[in-house]
Amino acid sequence: MVKHYFSVHAHFYQPPREDPLTGIIPREVGASPFSNWNEKIHAECYRPNAELRNFEQISFNLGPTLGAWMENHDPITCRKIVEQDLVNYRRYGVGNAMGQAFNHTILPLASYVDKVTQVRWGVADFEYRFGRKPLGMWLPETAADTETLDVLARHGVQYTILAPWQADQTDVDVTEPYWVNLPSGRQLAVFFYQSELSSRVSFDAAATMNADSFAQYLLLSKFQLDKTQRGEAQIVLLASDGELYGHHQFLRDRFLARLVDGATSQLGIRPTYPGLWLKDHPPRQAMAIRENTSWSCHHGVTRWMEKCECVSGNGEWKTQMRSAFERLAEELDGLYLELAAPLVADPWELRNQYIHVLLGQTSLQNLIETMAGKALTSNQVHRIHLMLEAQRERQRMFTSCGWFFEDFDRIEPRNNVAYAAQATLLARQATGVDLEASIVPYLARVSSERNSITAERVYQRHLRRAEALKSQRIGFAD
């Protein structure tokens, strides 16, 4: 009987790139000859892996923002990915796809209500796309704290994947999952990936030139001899960005195809995935986690807050941008509650359920009036809608990619500022309150080391564009 198993988890994700004013992704020069990076990576990674049926053989998550883009850009490939998960669900009663917190927010840095919204939206998006509830959920950057894990468990999630250094002890056995006991009395299963192999797959191109050699000389050695001698089942889990397979490294989609379908069979190693593993091998022991940790920052979650040795540069712009956005979020939340609380019993639950409007599963009118328990005027519905849209942009402005890199003068942080500007614009339309004075002084301190661009300039540029588009629409209507 086979006792050695392995699983490859691929984190497939792209941040939102759409202009919040037009809903269209602007042309991105660096992606040439493609119009934008989504199209380029899709051609090099997502579509080839779907055609090779790799999504059927691995554990994976498809980020909601990527899934929505793919559904519109290439619905055939999107359907292939969903169908490959469905093959496993029909065969084993457990699918191999995982959900993801919706906006790729660093959840330990988020408030409790934001954690809930990110998980609720992620669960709803997964159900919409895959037709079932997610048993597992990928945490953006695997960033975790106990409160985040408790939110997962409260919403029916059974497991997640973390880096081994996120365990609260150094001798963690990565060949089996652990329970994490939570303050609510619930439990969540955690798989800790094999860090050396995951790193080799991600950053050592020579290691992945040949799948058969990788399996024989690298993978096989990671199973524990004492467990093998006792006849205990073991799982070795590898985790990496999904874009590695064909985009970051040429032809690695074919490496993956061979690794999961042939390279290990002669070695007595069988591919599996976490959801299926838990069905037959529940955790045998418990483990606490280290608070506020992640897989891509060895300083906890510092990379998304301030200067961090993980990246070059002084990092001061990160501190200022997070301060600006947290201040803006507080102001937006206050306006939202002031407007919505007299009309609906639970404004936060309304926000949580707004995802069903975004997914086209219910109408705005129906959702708001159901939550209000009565009919509202068209003006009341319109104003609530504007504030819900402001809340959507408020979620987008915390996309983790905005803080990941070394300098502000990249598309990711500038996009986050555009989402923040759009949130203030919508809030002003809904309430008449202009939040510019409270946010601009902070944004003025967010600047690039490479040039003179500041977040304030990006913010003001967005507002000027919004006014210009408004004038064009009025002129066209006239």
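The values are calculated or read from the model by the stated rules, or taken from the named source; none is laboratory data. None of these values were measured; they are calculated from a predicted model. Every residue, glycine among them, receives a Cβ derived from its backbone with ideal geometry; neighbour counts consider all protein chains shown.
Residue selection: residue 190 fails the criterion of being farther than 19 Å from residue 273 by Cβ and of a type outside the set (Gly, Ala, Ser).
When you scan segment 229-238, do you find a residue that is within 27 Å of residue 100 (Cβ to Cβ), among the basic types (Lys, Arg) and surrounded by fewer than 22 Cβ atoms within 10 Å (Cβ to Cβ), even just one? No, every residue in segment 229-238 fails to be within 27 Å of residue 100 (Cβ to Cβ), among the basic types (Lys, Arg) and surrounded by fewer than 22 Cβ atoms within 10 Å (Cβ to Cβ).
Results for (1) within 16 Å of residue 394 (Cα to Cα); (2) at pLDDT below 95; (3) buried (at least 19 other Cβ atoms within 10 Å of the Cβ), shown as yes or no for each residue.
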{"position": "410", "(1), (2), (3)": "no, yes, no"}
{"position": "418", "(1), (2), (3)": "yes, no, yes"}
{"position": "422", "(1), (2), (3)": "yes, no, yes"}
{"position": "425", "(1), (2), (3)": "yes, no, yes"}
{"position": "428", "(1), (2), (3)": "yes, no, no"}
{"position": "432", "(1), (2), (3)": "no, no, no"}
{"position": "438", "(1), (2), (3)": "yes, yes, no"}
{"position": "442", "(1), (2), (3)": "no, yes, yes"}
{"position": "449", "(1), (2), (3)": "no, yes, no"}
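Among the conditions (1) among the charged types (D, E, K, R); (2) over 18 Å from residue 115 (Cα atoms); (3) modelled with pLDDT of 95 or more, residue 346 misses just one, which is (2).
Would you kindly identify the helices (runs of 4 or more DSSP H) lying entirely within segment 374-478 that contain at least 3 residues that are farther than 24 Å from residue 337 by Cβ?
Values: elements: 378-396, 401-404, 411-431, 436-443, 455-477.
Output list reads 401-404, 411-431, 455-477.
Looking only at segment 79-107, filter to residues that are hydrophobic (A, V, I, L, M, F, W, C) and assigned to a helix (DSSP H, G or I); which one of those is farthest from residue 60 (Cα to Cα)?
Of segment 79-107, the ones hydrophobic (A, V, I, L, M, F, W, C) are 81-82, 86-87, 94, 97-98, 101-102, 106-107.
Next, from what is left, pick out any that are assigned to a helix (DSSP H, G or I): 81-82, 86-87, 107.
Values: 81: 10, 82: 11, 86: 13, 87: 14, 107: 20 Å.
Checked segment 79-107; the qualifying residue farthest from residue 60 (Cα to Cα) is 107.
Checking each residue in segment 281-304 for being surrounded by fewer than 20 Cβ atoms within 10 Å (Cβ to Cβ) and of a type outside the set (S, T, N, Q) picks out 281, 282, 283, 284, 286, 287, 288, 290, 291, 298, 299, 300. Residue pairs whose Cβ atoms lie under 7 Å apart, sitting 6 or more positions apart in sequence or on different chains, and linking a residue in segment 113-135 that is assigned by TED's automatic domain parsing to the domain that holds residue 61 to a partner that is aromatic (Phe, Trp, Tyr), are 113/348; 118/102; 121/102; 122/102; 125/102; 132/89; 134/126; 135/159.
Any idea how many residues of segment 331-366 are among the charged types (D, E, K, R) and over 23 Å from the mean Cα position of the chain (by Cα)?
From segment 331-366, those among the charged types (D, E, K, R) are 331, 333, 338, 346, 349, 351; that's our starting set.
Restricting the remaining residues to those that are over 23 Å from the mean Cα position of the chain (by Cα) gives 331, 338, 346.
Here the count works out to 3.
Among (1) more than 30 Å from residue 261 (Cα to Cα); (2) surrounded by 19 or more Cβ atoms within 10 Å (Cβ to Cβ); (3) of a type in the set (Val, Ile, Thr), which single condition is residue 161 missing? Just one mismatch for residue 161, condition (1).
When 215, 189, 239 are checked against the criterion of being in contact (Cβ under 8 Å) with a residue 12 or more places away in the chain and assigned to a helix (DSSP H, G or I), a single residue qualifies: 215. Screening residue 282 against (1) in a helix (DSSP H, G or I); (2) closer than 13 Å to residue 175 by Cα leaves a single unmet condition, (1).
Only one entry of 174, 119 meets the criterion of being within 24 Å of residue 392 (Cα to Cα) and touching a helix residue (DSSP H, G or I) at 6+ places or on another chain (Cβ under 9 Å), and that entry is 119. Taking the numbered list (1) in a helix (DSSP H, G or I); (2) of a type in the set (S, T, N, Q); (3) surrounded by fewer than 22 Cβ atoms within 10 Å (Cβ to Cβ) in turn, residue 118 passes all entries but (3).
Let's see how each residue does on (1) assigned to a loop (DSSP other than H, G, I, E, B); (2) in contact with a helix residue (DSSP H, G or I) (Cβ under 7 Å, 6 or more places away or on another chain); (3) among the small types (Gly, Ala, Ser):
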residue: 123; (1), (2), (3): no, no, no
residue: 129; (1), (2), (3): no, yes, no
residue: 148; (1), (2), (3): no, yes, no
residue: 152; (1), (2), (3): no, yes, no
residue: 161; (1), (2), (3): no, yes, no
residue: 169; (1), (2), (3): yes, no, no
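Set side by side, the residues 94, 8, 29, 2 differ, and just one is modelled with pLDDT under 95, more than 26 Å from residue 396 (Cα to Cα) and of a type outside the set (Asp, Glu), which is 2. Restricting to helices (runs of 4 or more DSSP H) lying wholly in segment 1-78: which have 3 or more residues that are closer than 22 Å to residue 356 by Cα? Once the helices (runs of 4 or more DSSP H) in segment 1-78 are filtered for at least 3 residues that are closer than 22 Å to residue 356 by Cα, what remains is 64-73. Against the conditions (1) surrounded by fewer than 24 Cβ atoms within 10 Å (Cβ to Cβ); (2) outside any loop (DSSP other than H, G, I, E, B), residue 173 satisfies every one except (2).
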